[in-house]
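Visitor: The structure is given below, and queries will be raised subsequently.
The values are calculated or read from the model by the stated rules, or taken from the named source; none is laboratory data. Treat the numbers as computed from the prediction; the structure is a model and nothing was measured. Please note: Cβ atoms are built from the backbone with ideal geometry, for glycine as well, and neighbour counts cover all protein chains shown. Side chains included, ligands, DNA and RNA excluded: accessible areas come from the protein's heavy atoms. Shrake-Rupley method; radii C 1.70, N 1.55, O 1.52, S 1.80 Å.
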Amino acid sequence: MTDAEEIAGVINVNEIVRGSFQSAYLGYYAFEPFAGRGFLHRGLRAVIGHCFGELKLHRLEANIQPENARSIAMVQRLGFRREGLSPRYLKVCGRWRDHERWALLSDDWRRRKSPNNGLHRTADGRSEG
């Protein structure tokens, strides 16, 4: 949401699977007048924090068409890693499209959020991870 309380885009968390999986799919898009202005990035940071915090998920996956450079750059900045390509993964505008699988694990997110990159100091000053 913008400072003027306008909706800048949509973020959704789908197909949450509990049990031993603790995973979900992440989807998002910005509305055109707000694209590239940082609103979606801030929103995604908040949603990811909620998923790995309150929801206690272990993994989030985003599936992105390979030609969507802005979206790929976004997930890279957030710490997602490319896991592979899913040929003809999803039908978009009447055509089956390939998608890259990008995933983020809760441990990796916590390390990125930690001021000391996930290392903890012992009483004698040594680093432990």
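Visitor: Near Asn63, within a Cβ-to-Cβ distance under 14 Å, what is the net charge of the other residues, with Lys and Arg +1 and Asp and Glu -1?
Guide: Values: positive: Arg59, Arg81, Arg82, Arg88, Lys91, Arg97, Arg101; negative: Glu15, Glu61, Glu67, Glu83, Asp98, Glu100.
Taking every other residue near Asn63 into account, the sum is +1.
Visitor: Keeping every protein chain present and rolling a 1.4 Å probe, give me the accessible area per residue for the chain in Å².
Guide: On the way: 8430 Å² over 129 residues.
On a per-residue basis, the chain sits at 65 Å².
Visitor: Amide H to amide H under 5 Å from Arg97: which residues, 5+ apart in sequence or cross-chain, H placed 1.01 Å off N in plane?
Guide: Tyr89, Leu90, Lys91, Val92
Visitor: Restricting to Cα pairs below 8 Å that are 6+ residues apart, what does the relative contact order work out to for the chain? Please round to a whole percent.
Guide: It rounds to 18 percent for the chain.
Visitor: Can you give the helix-only mean residue ellipticity at 222 nm for the chain, where every DSSP H stretch with n ≥ 4 adds -39500 (n - 2.57) and the sum goes over all residues, rounded to the nearest 500 deg cm²/dmol? Could the numbers behind the result be given before it?
Guide: Working: 3 runs with 31 residues, N = 129.
Using -39500 (n - 2.57) per qualifying helix, the result is -7000 deg cm²/dmol.
Visitor: Taking a quarter of the surface of the convex hull around the Cα atoms of the chain, what do you get in nm²? Numbers along the way, then the final one.
Guide: Details: hull surface 41.9 nm².
Here the figure is 10.5 nm², rounded to one decimal.
Visitor: Calculate the spin-label point distance for Ser86 paired with Asp108, positioning each point 7 Å from the Cα along the beta-carbon direction, and give it in nanometres.
Guide: About 1.6 nm, to one decimal.
Visitor: List the residue ranges in the chain for DSSP H helices whose C-alpha atoms run 15 angstrom or more along the long axis and whose Kyte-Doolittle average is -1.0 or above. Could the numbers behind the result be given before it?
Guide: Values: long enough: 39-52 (20 Å, 0.71).
The qualifying helices are 39-52.
Visitor: Out of the total accessible area of the chain (probe 1.4 Å, heavy atoms of protein only), what percent is carbon and sulfur?
Guide: Values: 4230 of 8430 Å².
Its accessible area is 50 percent carbon and sulfur atoms.
Visitor: What does the highest-first list of 16-29, 51-64 look like by mean Cβ count within 10 Å? Write out the running numbers ahead of the final one.
Guide: Details: 16-29: 13.9, 51-64: 17.8.
Those peptides, ordered most packed to least, come out 51-64, 16-29.
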